[in-house]
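**Q** Dumping the structure here so I can ask a few things about it.
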Amino acid sequence: MTAAAVTTDPDPVPSTGTVPPAPTRTATTAASTPVAVPAATRRPALDWRIRFGALSLIWGFSFLLIKVGTEGYAPFQVTLGRLLSGTAVLAVAMVVRRERLPRTARTWGHLAVAAFFLNALPFSLFAYSELTIPSTLAGICNATSPLWGMALSLVALSEDRPTRRRVAGLGLGFLGVLTVLGAWQGFSGLDFSGTAMALLASLSYPIGWIYVRRTLAGSGSSTLALTGSQLFLGTVQIALVTPVFTSAPDDFPLLPTLAVVALGALGTGLAVLLQYGLVQEVGPTTAQMVTYFIPVIATAAGVAVLGEQLNWNTPVGALIVLAGAALTQSRARTPRRTPRP
């Protein structure tokens, strides 16, 4: 995302809830802040495929880490620890790169709203949802964010004009959601409150992205500065709420504590930096493909590590959701005009 670039193409739906870098072309992404990212000055030591795989694993395992974290801490405490760790990582990166914080009160005000919809609200909802639903289901619900974004574009006078292909993707995606939830069985065995919170968390992301790209275009700050500031404000918001709804923990169990720290430092801090590099090196089209690996890895991790049960409709529905999400992100090719002789 460069300072002059305002984008229109939908980009990946990150599970971090942070603002990922936008392409250097003129476009705006549903998941990006339209600000400048300087071109890479040297080739990264690790091949982009290795970093792509690492990013997929980090975001895919985030839902397992949330589940483990809630076994020792209240959901708001998990969110607070996650935001503290993520903010610390980005603060170090900002110091190393000598990034300056946004200077205007207007920018900070918009970032506070973005922090609520992209961090404080969805992170808390996912943590509360995993008290009663498997991490596999939470990961699949996260994959519906592009579908919610497409639905919002139909009613929010978005600059992204819906096409038949993208509307078809929307319908296919929500058919996949019904498959995952077992609609033909009357949703038997489904925890409605937990599932609803996970879906609301996924809806919160595109609301935040739409707000960000309409209010922070041309802010003059780098993506890293905006994201770090956004996480800091989200941390403050949760820090104010947590004492009201929870009491201080009596102890700090090792495994849940490590899970929360890893969730923030890796899934909300390091992952953002990895995504910056991928977008700069291989472009947003390739980098956004990580979105479609997240629910697959989340499902595999939940089953293999946590022993969560998996019915046939869960992976089948997840594949349908991903297919629909891919269609909502697609663009029809514009035929080339042959010049007249």
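The values are calculated or read from the model by the stated rules, or taken from the named source; none is laboratory data. Everything numeric in this text was worked out from a predicted model, so none of it was measured. All Cβ positions, even for glycine, are placed from backbone atoms using ideal geometry, and neighbour counts span all protein chains on display. Surface areas here come from the heavy atoms of the whole protein model, side chains and all, with no ligands, DNA or RNA. Shrake-Rupley method; radii C 1.70, N 1.55, O 1.52, S 1.80 Å.
**Q** Quick one: would you say GLY307 is open to solvent by less than 20 Å² (accessible area, probe 1.4 Å) and either of a type outside the set (A, V, I, L, M) or part of a helix (DSSP H, G or I) (or both)?
**A** Considered against the rule, which asks whether it is open to solvent by less than 20 Å² (accessible area, probe 1.4 Å) and either of a type outside the set (A, V, I, L, M) or part of a helix (DSSP H, G or I) (or both), GLY307 comes out as no.
**Q** Looking at region 262-291, which of the residues that are farther than 17 Å from ALA93 by Cβ and β-branched (Val, Ile, Thr) is farthest from the chain's Cα centre (by Cα)?
**A** The extreme case among them is VAL282.
**Q** Checking the condition open to solvent by 20 Å² or more (accessible area, probe 1.4 Å), touching a helix residue (DSSP H, G or I) at 6+ places or on another chain (Cβ under 9 Å) and among the β-branched types (Val, Ile, Thr), which residue from THR257, THR227 passes?
**A** That would be THR257, the only listed residue that is open to solvent by 20 Å² or more (accessible area, probe 1.4 Å), touching a helix residue (DSSP H, G or I) at 6+ places or on another chain (Cβ under 9 Å) and among the β-branched types (Val, Ile, Thr).
**Q** Might you let me know whether region 199-212 holds any residue that is without any contact (Cβ under 8 Å) to a residue 60 or more places away in the chain, more than 26 Å from GLY109 (Cβ to Cβ) and either in contact with a strand residue (DSSP E or B) (Cβ under 9 Å, 6 or more places away or on another chain) or open to solvent by less than 50 Å² (accessible area, probe 1.4 Å) (or both)?
**A** yes
**Q** A further question on this structure: Exactly one of these conditions fails for GLY302: (1) closer than 28 Å to ARG82 by Cα; (2) modelled with pLDDT of 85 or more; (3) open to solvent by 30 Å² or more (accessible area, probe 1.4 Å). Give me its number.
**A** Just one mismatch for GLY302, condition (3).
**Q** Kindly establish whether SER158 is modelled with pLDDT under 80 and part of a helix (DSSP H, G or I).
**A** It is false that SER158 is modelled with pLDDT under 80 and part of a helix (DSSP H, G or I).
**Q** Something else: If we only count helices (runs of 4 or more DSSP H) wholly inside region 204-286, which ones have 2 or more residues that are of a type in the set (Asp, Glu) and modelled with pLDDT of 90 or more? Outline the logic, then answer.
**A** Details: elements: 223-245, 254-264, 271-282.
Helices (runs of 4 or more DSSP H) meeting the threshold: none at all.
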